[in-house]
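The values are calculated or read from the model by the stated rules, or taken from the named source; none is laboratory data. As the structure is a prediction and not an experimental result, all values here were calculated from the model. Don't worry about glycine lacking a Cβ; one is built from the backbone with ideal geometry, like all the others, and counts go over all protein chains shown. Accessible surface is based on the protein model in full, side chains and every heavy atom, while ligands, DNA and RNA are left aside. Shrake-Rupley method; radii C 1.70, N 1.55, O 1.52, S 1.80 Å.
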Amino acid sequence: MNLGNGLKKLLNTDIRLFKHSIFLRIYAGLVILVVLIAIFSYLLVQIINYQRAQEYRESLTDGLSYVISQGVARQPTEQQKKNWISDASDLLELPIYYVNASKIDLSRAEKKRLEEQKAAVRYDAKSLAAYVILGLQDDPDHYLYVKVDKIGERQMKALPIFILDYLIYYPGQEDEYLHKIQQYFSYPIDIQSIRELGLDSEQIGRLRLDNSVILYRDNASVRGTTISIVSPMPNNPSEVLVMGPVPLFNWMPFQLSAGITLLSLFLLSLGIYGLILPMQRKLRQVNYALDKMKSGNLSLRLPIDGTDEMANLASSYNSMSDHIQRLIEAQRELMRAVSHELRTPVARIRFGVEMLTDEDDYAYRVQQMEMIDKDIEALNTLIDEIMTYAKLEQGMPSLNFEQIILGDVLEQVATETEALKTQKQIELISPPAYVLVDAERRYLHRVVQNLVGNAVRYCEHKVRISGGIQSDGQAYVCVEDDGLGIPEQDRARIFEAFSRLDDSRTRASGGYGLGLSIVSRIAYWFGGHVQVDQSPVLGGARFIMTWPAKHCGSLVVKKAQRIKEST
């Protein structure tokens, strides 16, 4: 059972990896393309060779069909024709039938071949037999029907006899009539001197015994192996009838193999181009977007199609553009806000210094020095807030996630707040000690501190602090107060840098409008978010920050570090 589950998980992992990897899809597509092209090439070769084999069979029988039809036509009576056909059947050891033309259904192509005094050949692949239909020149009502289920040496040696039987009616004119019937043969037939053939003594002896000789010749050229049939001429022992050379059927000639190879390569190149074209189009879009970004246009975004590497690249580009655009806008806003915020304490310090130069009262000078010191402290606080916000806004800080006890952080902030003697009631609802969350302790402390400080500043009497882990696995911290709360239309705006509301949360309440912005950025880098609504218990504002209680990536890194340290 466990093995089956493991195989199922492995299969699901492979499927997800295949979906998310464009290169694996290209490789798989290439393999499938090669298989399909191989199957296509095989079927194409079979179709072409079927036609070639049919043409080859017809070319071998055309000349003999003409000679045989001439032999039958010379017989004066029907009985003599049947006797001639019977002798021919015995000679070839093949069944030859003299059938009525009405009993054979011919196709248009077969009828045309018979009208041209050629043979019509039907091949049965199951029985491996060919059926040859021969037309008779002076007898259109009958056909010769030959079943060829074997081709051996006996049949090949009998073929010249039909040509010699044709030539016997033209004594002294054999060459002339051979040239006349050559047009019906696809291979040469000729009368040659026995000395020109280069035969050995055994072959010459067989010819003198009135036997035919079959010559096999291997040719290294495109033509391949050929067969020639040599038969002695009657009444002339120095000359022989030569049929051939007849090339054997080559299932894969050079022209066919070269053509199929070139066609397969062409189809393969088209298929590869089709596989790479989507990635090329996406890369072109990325290059175009980068050129636009280089020219200062950050508004262009790439479409995200699928979940592969190119989709991740488009998503990363869009995120980078958003981040750069946000950084530029934040930098502009920060510069405007900083210049505005620094102007007030600097002006007060300048005013205090001027007052010191004109005042002789020691007590008053001490009072002015204390006010100047407070303004300088305010400047330091403002600079610290600005540096923290800028660090969080520029990019992801170096976060060292670790498992911490959430209640300890909440108790620490509550103790620190009570030590400030704010005259406000701090209520802590601490989670159990076993509640552990993954977080950067320093930044989590800053979040709770900013939220509590903000609540203390705007509450009437009471602030409540709570935290824990929700049912969906999200950790949370919650800070509530009993103040006037925040209007719903202003709840999104308060997380913007240097933003202040126009009601009770005004400049007179203190702060620089960066505390909640820092909380928002820390929540973002924690992988969570912060929101504000109305407290159902205290009636004021309620701030809740949630983030994943478990960060798998950080735990894996820490585990790897522990293993490295142990080794």
Accessible surface, per residue, of the stretch 419-477 when the full set of protein chains is kept, probe 1.4 Å, Å²
50 Å²
Given a 1.4 angstrom probe, I'd like the percentage of the accessible area of the stretch 40-113 that is carbon and sulfur, rounded to a whole number.
53 percent
If you stretched the chain out fully between residue 284 and residue 265, how much longer would it get, using 0.36 nm times the residue separation minus the C-alpha to C-alpha distance?
4.2 nm
What do you get for chymotrypsin sites (Phe, Trp or Tyr not before Pro) in the stretch 210-287 restricted to DSSP loop and a cutoff of at most 15 other Cβ within 10 Å of the site's Cβ?
249, 251
Of 59, 69, 95, whose Cα points farthest to the positive end of the dipole of the stretch 24-157 (charges on the beta-carbon: +1 Lys, Arg; -1 Asp, Glu; origin at the Cα centre)?
59
Residues whose built amide H sits under 5 Å from the amide H of residue 483, excluding neighbours closer than 5 in sequence, are 460, 540, 541
How much length is gained on full extension from residue 347 to residue 82, taking 0.36 nm per residue of separation minus their Cα-Cα distance?
81.9 nm
Ordering of 479-492, 50-63 by packing [mean C-beta count within 10 Å, highest first]
479-492, 50-63
Averaged per residue, what accessible area in Å² does the stretch 167-270 show with a 1.4 Å probe, protein chains only?
63 Å²
Can you give me the distance in nm between label points at residue 276 and residue 427, each placed 7 Å from the Cα along the Cα-to-Cβ direction?
7.0 nm
Compactness summary of the stretch 160-266: radius of gyration and Dmax from Cα atoms, Å, are 17.6, 61
accessible surface per residue for the stretch 87-155, probe 1.4 Å, DNA/RNA/ligands not counted, whole Å² -> 61 Å²
Give the total of Lys-Lys pairs in the stretch 104-193 with Cα-Cα distances below 22 Å; include a pair only if its members are 8 or more places apart or on different chains.
10
Apply 1/(1 + (r/R0)^6) to the Cβ-Cβ distance of residue 99 and residue 55, taking R0 = 35 Å, and write down the FRET efficiency to the nearest 0.05.
0.90
Placed amide H near residue 186: partners under 5 Å, 5+ positions off or other chain:
63
Proximal charge balance of residue 478 [Cβ under 10 Å; K/R count +1, D/E count -1]
+1
Along the stretch 426-434, Karplus-curve 3J(HN,Hα) (6.51, -1.76, 1.60; θ = phi - 60°) to the nearest Hz, with x for Gly and Pro, reads 9, 9, 10, 9, 7, x, x, 5, 7
Using a 1.4 Å probe on the protein heavy atoms, what percent of the accessible area of the stretch 263-306 belongs to carbon and sulfur?
66 percent
